[in-house]
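Student: Once you've had a glance at the structure underneath, I'll fire off some questions.
The values are calculated or read from the model by the stated rules, or taken from the named source; none is laboratory data. For clarity, every value in this text was computed on a predicted model and none was experimentally measured. The accessibility values were calculated without ligands, DNA or RNA, using every heavy atom of the protein model including side chains. Shrake-Rupley method; radii C 1.70, N 1.55, O 1.52, S 1.80 Å.
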Amino acid sequence: MKTSTLLKTGMIGMLISALCCFTPVLVLIFGAVGLAAWVGYLDYVLMPALLFFVGVIIYAAIRKT
């Protein structure tokens, strides 16, 4: 995979994860569609996803140099 593609994927994934982690976007969406019981499990998914995408960004930055 190209370094620029890895970097773009990492940035987009990190922004989406951060947006959903630090704002109530997913809470509102889950409440609207009737999945409010799953809101308690979001922390188990969003933080590892955020860390994974930060890792992808770091890997792409190291690979680029």
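Student: Membrane-span-like helices in the chain: DSSP H runs reaching 20 Å or more (Cα, own axis), mean Kyte hydropathy at least 1.6?
Tutor: 42-64
Student: Continuing with this model, one more query. Taking only DSSP H segments of four or more residues, each worth -39500 (n - 2.57), what value at 222 nm results for the chain once the sum is divided by all its residues, to the nearest 500 deg cm²/dmol?
Tutor: One gets -26500 deg cm²/dmol as the mean residue ellipticity at 222 nm.
Student: Hey, another quick one. Could you give the accessible area per residue of the chain, probe 1.4 Å, as a whole number in Å²?
Tutor: Heavy-atom accessible area per residue stands at 73 Å².
Student: Against the 2.2 N^0.38 Å scaling, with N counting residues, where does the chain land? I'd like the Cα-based Rg ratio to two decimal places.
Tutor: Ratio of Cα Rg to 2.2 N^0.38 Å: 1.32.
Student: Now a separate question. Please report the carbon-and-sulfur percent of the accessible area for the chain; probe 1.4 Å, protein heavy atoms only, DNA, RNA and ligands left out. Write down the numbers at each step before the final one.
Tutor: Values: 3680 of 4760 Å².
The computed percentage sits at 77.
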